[in-house]
Amino acid sequence: MFPLILLYLVLTIIRPQEYMAAFTGVPILPVVLVAAFLCWLASNAKTFAAPQFIILPVFLLVLMISVVVNGWVGGALDQFEKFGPIAIAFFVFAAACHTQQRVTMAMAVFVLCSVVLAVHGIQQAKDGVGWTGVPISEDGRIQYVGIFNDPNDLGLLFATAIPMSVYLSTLRGLMLRLFWLACGGLLFYGTYLTNSRGALLAVLIVAGVYVWYRRGFITAGTLGVVGLACMKLLSSRMQELDPDEESASGRVNAWYEGLHMFLSHPVFGVGAGNFTEYNDLTAHNSFVLVLAETGFVGYLLWLAFVGYGFWMMLTVLRHKPAGLDDPARAKAWQGEQRMALTLLLSLFGLFSAAFFLSRSYTVVMYLLSAMVVGYYVSARQRFPGLRLFTLGSNAWFWLSASAGSIAGFFVLVAVLLRVGS
């Protein structure tokens, strides 16, 4: 199961099936996923010891219902075909990442695949076209094939992988340390070449969260201001970061339209995939997209799915297990916290970028979430004192968080529209 799901990860990121003639017409990605799923069914490693294993299938059902109640019965099957494989990949990958070693291997594959895309982008920037045959975009931003054809998606991937590369550099000898740090450098350079404002801000936020955790808020805030100033010098598009700028104004208007879609269809939204039926631009915000397309029911589920991942990693960082006077146990716990911090930083990188993109249903988000869930379930086996999360005990919290965040979006959009007017 684990080799197959790692192969699925490789094919999902590098995507040779989309530019190599040998794979033309061969459904290699779904075949590998089905094989991994069959192995999961036969495996004893199956686990459902986290709320996300309940939330995700219910969210898939809500996606299907959202299009049915908006008049397209056949859309239910369409949503099942689109999101079903992502849900399967989540279940299989989470079950496969049931040890620290396997999570580390998954991180290594994630980073190496991302580096391949970064090197492709460097070739694009140098020669005008990469080995895939995809040229650099008209505005000089690097791009790849398939789901990474948008430079912003490349930047999101790189921002997610950078913390993993830094973590991997701490595990082995000098040469491997230098290798993984070099990978991190390539990913950062690749982020720069995407010229994605969201991705650059995501990298800054990742660094800020790390400094905050290690050195405190004041140091993080000071370095954040310096980092933002440096990024505005590095990126021409960062210099345009203003509510009056055309792209930013279009995003705010899209958020405004998305909120009004929610008001007109508050329970199940306007239907998954229907945002652009009501507005020329997509939402440019993964949270607003889910709210508009699946209503309060879908948003509640999705926010809980996302939020539990952050909550789990913070729980590891804050937990103080018994028996730390034993040097071996204390060292083991330090290893748990380093891994949890890495996954938390990757979550911040991904969702900081996703805040400015409509990527609510893309597979990378759910593969990272699977790593987080798989790691936490296994960490609870090693340290049983860690909290057991259940939906029943947190239901009111997520109801309140959903209502509060929706109200926050209305306030944010109102402020941005006033500033931009």
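The values are calculated or read from the model by the stated rules, or taken from the named source; none is laboratory data. Worth saying up front: this structure is predicted, and the values here are computed from it rather than measured. With ideal geometry, Cβ positions are generated from the backbone for all residues, glycine too; neighbour counts draw on all protein chains shown. When the accessible area is computed, the model is the full protein with side chains, heavy atoms only, and any ligands, DNA or RNA have been set aside. Shrake-Rupley method; radii C 1.70, N 1.55, O 1.52, S 1.80 Å.
A few notes on this one:
- SER286 meets the conditions (1) among the polar types (S, T, N, Q); (2) surrounded by 22 or more Cβ atoms within 10 Å (Cβ to Cβ); (3) without any contact (Cβ under 8 Å) to a residue 24 or more places away in the chain in every case but one. The failed one is (3).
- GLY224 being of a type in the set (Gly, Ala, Ser), modelled with pLDDT of 95 or more and either open to solvent by less than 30 Å² (accessible area, probe 1.4 Å) or assigned to a helix (DSSP H, G or I) (or both): no
- Taken together, the residues in region 134-152 that are surrounded by 14 or more Cβ atoms within 10 Å (Cβ to Cβ) and either farther than 19 Å from SER360 by Cα or over 18 Å from the mean Cα position of the chain (by Cα) (or both) amount to 8.
- Among (1) more than 23 Å from LEU388 (Cβ to Cβ); (2) touching a residue at least 40 places away in the same chain (Cβ under 8 Å); (3) open to solvent by 50 Å² or more (accessible area, probe 1.4 Å); (4) of a type in the set (A, V, I, L, M, F, W, C), the one test that ILE54 misses: (1)
- Restricting region 193-208 to residues that are in a helix (DSSP H, G or I) and under 14 Å from ILE136 (Cα atoms), the residue that is most open to solvent (accessible area, probe 1.4 Å): LEU193
- Some residue of region 312-321 being closer than 24 Å to PHE91 by Cα, open to solvent by less than 10 Å² (accessible area, probe 1.4 Å) and of a type in the set (S, T, N, Q): no
- Some residue of region 276-283 being under 25 Å from GLY71 (Cα atoms), buried (at least 24 other Cβ atoms within 10 Å of the Cβ) and out of contact with any Cys (no Cβ under 6 Å at 6 or more places or on another chain): yes
- Breaking point among (1) touching a residue at least 40 places away in the same chain (Cβ under 8 Å); (2) assigned to a loop (DSSP other than H, G, I, E, B); (3) open to solvent by 70 Å² or more (accessible area, probe 1.4 Å), for ARG172: (1)
- The residue that is modelled with the lowest pLDDT, counting only those in region 34-61 that are touching a helix residue (DSSP H, G or I) at 6+ places or on another chain (Cβ under 8 Å) and in a loop (DSSP other than H, G, I, E, B), is ALA45.
- Residue in region 336-343 that is at positive phi and open to solvent by less than 10 Å² (accessible area, probe 1.4 Å) present: no
- Scanning region 346-364 turns up at least one residue that is in contact with a Pro (Cβ under 6 Å, 6 or more places away or on another chain) and at pLDDT 95 or above.
- Scanning region 12-33 for residues that are farther than 11 Å from ALA89 by Cβ, in a helix (DSSP H, G or I) and either free of Cβ contacts under 8 Å to residues at least 40 places away in the same chain or within 22 Å of the chain's Cα centre (by Cα) (or both) gives ILE13, ILE14, PRO16, GLN17, ALA21, ALA22, PHE23, ILE28, VAL31.
- Within region 115-133, considering residues that are part of a helix (DSSP H, G or I) and among the small types (Gly, Ala, Ser), the one most open to solvent (accessible area, probe 1.4 Å): ALA125
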